[in-house]
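The values are calculated or read from the model by the stated rules, or taken from the named source; none is laboratory data. Given the structure is predicted, the values throughout are model-derived calculations rather than measurements. No Cβ is skipped: glycine too gets one built from the backbone with ideal geometry, and neighbour counts run over all protein chains shown. Quick note on the areas: whole protein, heavy atoms, side chains included, nothing else; ligands and nucleic acids left out. Shrake-Rupley method; radii C 1.70, N 1.55, O 1.52, S 1.80 Å.
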Amino acid sequence: MFQFLMRRSLAALATIWVISIVSFVIIQLPPGDFLTTYMANLREMGERVPEEQIAAMRERYGLGEPMFVQYYKWMRGIIQDGDFGRSMEWGVPVSMLLWDRIGLTVMVGLSSILFVWVVAIPVGVYSATHQYSILDYLFTFIGFLGLAIPNFLLALVLMWIGWSVFGQNVGGLYSPEYSNAPWSIGKFIDLLSHLWIPMLIVGTSWTAGLIRTMRANMLDEINQPYVETARAKGLTEWRLVWKYPVRVALNPFISTVGYALPQIVGGVLITAVVLNLPTIGPLLLRALLSQDMFMAGAIVMILSILTVIGTLISDILLAVFDPRIRLE
Amino acid sequence: MSDVLLEVNDLHVSFFLTEGIVRAVSGVSFQIERGKTLGIVGESGCGKSVTARAILNMVRPPGRIVSGEINYYGQSDTPIDLAKLDPHGAEIRRIRWGEISMIFQEPMTSLSPVHTIGNQMIEAIRLHMDMSKQDAAAHAVGLLARVGLAQPERLLTRYRHELSGGMRQRVMIAMALSCNPKLLIADEPTTAVDVTTQAQILNLMRDLQQEFGMAIIFITHALGVIAEVADHVVVMYLGEEAEVADVDTIYYKAAHPYTQALLRSIPRHDIKLDRLETIEGNVPDPMNMPDGCKFHPRCRHYDPGKCANPALLQIGEQHWSRCARAHEINPQLSRTEQPS
Amino acid sequence: MANVEQRGQKANSELSPILDADILEPEKEKIAVATPRQLMWWKFRKHRVAVFSGILLIIFYTIALFADFISPYDPNAFDAKHKFVPPMYVSFINEDGNFTLRPGVHGLILHKNPETLRITYEKDKSVWYPVHFFVRERPYKLLGFIETDIHLFGLGEEAGSDKIFVLGSDRLGRDMLSRIFYGARISLSIGLVSVFLSLTLGIVLGGISGYYGGWTDNIIQRVIEFIRSVPGLPLWMALSAALPSDWSQIRRYFGITIILSMIGWTELGRQVRGRFLALRTEDFVLSARLSGARDLRIILRHMVPSFTSHIIASLTLSVPGIILTETGLSFLGLGLRQPVVSWGVLLQEAQNIRTVALAPWLLLPGLAVVLTVLAFNFLGDGLRDAADPFSR
Ligand SMILES: Nc1ncnc2c1ncn2[C@@H]1O[C@H](COP(=O)(O)OP(=O)(O)OP(=O)(O)O)[C@@H](O)[C@H]1O
Ligand SMILES: [Mg+2]
């Protein structure tokens, strides 16, 4: 178990390291260095920056020096001070803009995953235990539909329905009166009442696939001899299904959720853009469109790291749940 | 109380598939007495496991018990027809494991991979017997020790994959006996283990039968094993009985070409053959059964004139054969035994 | 059942049972010579939804191929007088209220709300334009080389500046139907081209990985694992955004295609590798090796053909992901750009919720996306089942 944890954590660290390189490459992709662009922007707005400050920044980010030195300085900044560089567009350190949005991003992502689990497991179990029933066909069809509808389209349609039927804007995560208010119980409840829409949107496309996974896993298990044994013991159908095949089918399911995580993050991102949620998504889009590369690189990096951590957690969960891995 | 514990009458079980209907069991009848052992033999696919499942009313869709009776004389002389019970009902669930327990064909996977042995045993015990968790655990430990497993307490916390095939089979036997059943159905309990273990398990089952007094239905495809354990034998072929008799009659006075072929195919040490004897031809496609006598495509005694639609003929006091030419192929049968 | 009868008698004679069956059952003989592909086709045909999806896709691709012939208008032609025209009813009742065999549409009367400046259209019951078929206007090159000016349908000259908008028009008065047809070209082709690139990548890398094993395999596996464990979308977004903005449309198209193809190859690579690992030890590969065939030749001649059916199925299943990503990227403004018309680009027009509320038909390209993706998924599912009944 301990070995397993060590191995997985090391792998995750290695992945994070590669992610940092990829993110750095993204920052370097556009021609010219960011400081020149930054200065140009400031000058356009009629501001003057003292020479010493420019020199200090040059030194700090290693501009003009070889790539690996720049990479090293960038990484050192992140690890030591949480300094991800400067946003050219906003003219402030990237980290300042990111922190509160990350919390909400994680929140939307987690609630979507929760939704996926809560829906996919029972529906998958039902579909498998009632294979080829009308509801099974219906769920399968809805599943395929969910896979086929792009997140943003679903978001658009929901917004359109909300707008034209209920006459209200379903976007955002807070009602106007709470958007700038400090945290309170009321604000939290308000957040929850807005959260279900992105949760539903991101959820549907993923529940679809995961229902199918769960159903297939269940079908693999449901005719296994150990289930027959349980039935022969005289357990009720309900109890034996939930105790035995579901429990076994959950293991590959948990690892599938790990694999789905990267895509769920993508879904959250694009949905957030349409619904205009105060999460990382719209910020990334804006940064990319205006070539604000420190910002973009930082966001790509943070999203990726969060995903890797999420996958690691789901791996650990799997190990906790499955005695076969636990004892390895 | 009569001696009969379970009586199967004209049982029909079919699977309704999109490709057609598979009549896995078509008209099987037999009885088993208290404390005795009934062997069911037959080639792969002849419907042995389906019959066993039908007894516990556990045939699952697309399969269904089409007709027939399964009379169980558990408590009194008024039988319960298991075939008529609701397969999800409380009555059958009480009988399952509590009165009739079963060891399945696949010992390797008959235990859950993610639950401990203890969990699974205690669950069964507490379901049918009024016991606290501690008592149930103690009971389980006793049983595990009885079936010859070392360190039974520690075994309770073990998982399936930590056990060898022989150990798993012993655990299954212990579990099957945990609620003092009146009937134990053992579906090929020894196919997946090596010969030594096989002999040990057979001996164990015989001892346990003496001790617990339950009846056993012993399913196998090897006639050789039957000789060691069974009192009566049902030979099945394609969902029907080919021959029914007590074990000596089967061995010495077999009156069905299929039984005779099975007997010939037991490897013997005293006669050296160039090659092992096999039964000619293959088991026909279950969707597409031969007309008339089902065995005729493979039968060396087939005569279209005589073998039209053989019924199960009584040819001896406790001896039935589904062969129209039973007397011709077995000269040992005296003419006088033939019912008038 | 004469067959059975004969068989029984034969069994009595000395013929072996195998020979016996071969001689007596002509249908069995046919099955015995059916190629795996034939078997696959027979199984596939039973899958009705998959067959239907296949037909639908053939129709879609035909539309894309002949978009210039069947589109009534130039997809980029502005028309200030016909902004946000709702989809029109095509009816068989003419202006006198009589039934005709020729379909047609009524003219429009434009109303402008003086306060909100909102434009609404009303059906002009007195004007009715019959639809003309094979009208001559706007010359183009059919399939890229046949010069012609015949279009499938239009209102002809008598309609003057009035137009037929079967699926409505957008904010610049462009015909949605024509735009969706032209968009199909890009959206559908980008799926195929990317999948082809993924396939090449997947087969080459997966093949190398599975065939050689060892450290090569290790490195490629780690790369695949890495790509699968990080969220793709932000990466693809960043890469697309980094494409120089002065690139020509065609270069941009290929740039995006290459970026998209990086999505699909990992799954294909994994599968190819798995197959290779399984096949490596099989007799026919071994015998080819023993007889001195070169590695590449073994891979191409002996190993690849033995799993084409699986590959076809997985390919089909990876097209939807690519189409969805293209649509998403273009929708965000990071993928293809105007004046290139793809379904994603079209959906950009629907980004503003007020516009959608005003002209919901702008969401129609989304319906095209959904239908295409559904069809690919069903088709792929059917193919997979046919290719291998035991795998999911
Ligand atoms: N779930 C099922 N669906 C369809 N057909 C089935 C099913 N279960 C069993 N059958 C059919 O019923 C027949 C009898 O099967 P059964 O499992 O009883 O054979 P068996 O005698 O136990 O063979 P073996 O020695 O291999 O265990 C077979 O022809 C099989 O095809
Ligand atoms: Mg069996």
**Message:** Given the -39500 (n - 2.57) contribution per DSSP H run of 4+ residues, what per-residue ellipticity at 222 nm results for chain B, rounded to the nearest 500 deg cm²/dmol?
**Reply:** -8500 deg cm²/dmol
**Message:** Distance cut-off 26 Å, Cα to Cα: go down the list B:36/B:306; A:243/B:84; B:48/B:253 and report the pairs above it.
**Reply:** B:36/B:306; A:243/B:84
**Complete:** On complex formation of B with A, accessible surface lost, both sides summed, probe 1.4 Å, nearest 100 Å², amounts to 2400
**Message:** Need the per-residue list for the range C:312-329: every residue with at least 20 Å² less accessible surface in the complex of protein chains than in the chain by itself, probe 1.4 Å, sorted by number.
**Reply:** C:324, C:328
**Request:** Taking every Cα atom in the range B:80-177, find the radius of gyration and the maximum pairwise distance Dmax, and write them in Å.
**Result:** 14.0, 43
**Item:** Per residue solvent-accessible surface (Å²) - chain B, probe of 1.4 Å
**Value:** 44
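Mind checking the range C:106-165 for trypsin sites (Lys or Arg not before Pro) that DSSP puts in a loop (not H, G, I, E or B) and that have at most 11 other Cβ atoms within 10 Å?
Details: sites: C:112, C:118, C:123, C:125, C:136, C:141, C:163; in loops: C:118, C:163.
Passing sites in the range C:106-165 are C:118.
From the C-alpha coordinates alone, can you work out the Kirkwood hydrodynamic radius of the range A:105-289, in Å?
18.1
So, counting K/R as plus one and D/E as minus one, what does the shell of residues with Cβ under 11 Å around residue B:175 add up to? Don't skip to the end; give the middle numbers.
Values: positive: A:233, B:168, B:170; negative: B:123.
Surrounding charge for residue B:175 is +2.
At a probe radius of 1.4 Å, figure out the C/A buried accessible area, summed over both chains, and give it in Å² to the nearest 100.
Values: alone 22190 and 17950 Å², together 36530 Å².
Counting both chains, the buried surface is close to 3600 Å².
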**Complete:** The equivalent-ellipsoid semi-axes of the range C:178-387, taken as the square roots of five times the Cα gyration tensor eigenvalues and listed largest first in whole Å, are 38, 18, 14
**Prompt:** If contacts are Cα pairs under 8 angstrom and at least 6 residues apart, what is the relative contact order of the range A:105-289 in percent?
**Reply:** 34
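Where does the charge balance sit around residue C:124 when Lys and Arg score +1, Asp and Glu -1, over other residues with C-beta under 11 Å from its C-beta?
-1
What is the projected area of the convex hull of the Cα atoms of chain A, averaged over all directions, in nm²?
22.3
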**Item:** Minimum 30 Å² accessible area buried by the other protein chains, the range B:55-73 residues, probe 1.4 Å, relative to alone
**Value:** B:58, B:60
**Asked** So what's the gap between the Cα centers of the range A:246-269 and the range B:92-110, to the nearest angstrom?
**Response** 35
**Asked** Expressed as a whole number of Å, what is the distance separating the alpha-carbon centroids of the range A:118-147 and the range C:110-126?
**Response** 47
**Request:** Could you pull out every one of the lysines with an alpha carbon less than 28 Å from that of residue C:112, ignoring same-chain neighbours closer than 8 positions?
**Result:** C:81, C:83, C:123, C:125, C:163
**Message:** Let me make sure I get this right: for chain B, a, b and c are the square roots of the gyration tensor eigenvalues over alpha carbons, sorted descending. Under 1.5 in a/c it's rounded, otherwise prolate if a/b > b/c, else oblate. Which is it?
**Reply:** prolate
**Request:** Add +1 for every Lys or Arg and -1 for every Asp or Glu among the other residues with Cβ under 13 Å from the Cβ of residue B:144, and state the total.
**Result:** +4
**Request:** Could you please state how large a percent of the accessible area of the protein assembly as shown is carbon and sulfur, counting protein chains only and using a 1.4 Å probe?
**Result:** 60
**Request:** Could you sort the residues of the range A:208-232 by number and keep only those whose accessible area is reduced by 20 Å² or more in the all-protein-chain setting relative to the chain alone, 1.4 Å probe?
**Result:** A:212, A:216, A:220, A:225, A:226, A:228, A:229, A:231, A:232
**Prompt:** Helix B:117-128: angle to the longest alpha-carbon principal axis of chain B, degrees 0 to 90, nearest 10?
**Reply:** 80
**Message:** Quick check: the distance between the Cα centres of the range B:287-319 and the range C:318-392, to the nearest angstrom?
**Reply:** 64
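Scan the range C:89-137 for GluC sites (Glu not before Pro) in coil per DSSP, keeping those whose Cβ has at most 11 other Cβ atoms within 10 Å, and list them by number.
C:115
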**Asked** With every protein chain present, what is the per residue accessible area of chain A (1.4 Å probe, Å²)?
**Response** 46
**Asked** Expressed in nm², what is the orientationally averaged projection area of the convex hull enclosing the Cα positions of the range A:81-138?
**Response** 6.5
**Where the range C:178-387 is the region considered: accessible area per residue in Å², 1.4 Å probe** = 38
**Item:** Rule-of-thumb Rg ratio for the range C:80-169 [Cα; 2.2 N^0.38 Å; N residues]
**Value:** 1.27
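When all alpha-carbon pairs of the protein assembly as shown are counted, what percent fall beyond 52 Å? Write down the numbers at each step before the final one.
Numbers: 223257 of 561270 pairs.
For the protein assembly as shown, the fraction of Cα-Cα distances above 52 Å is 40 percent.
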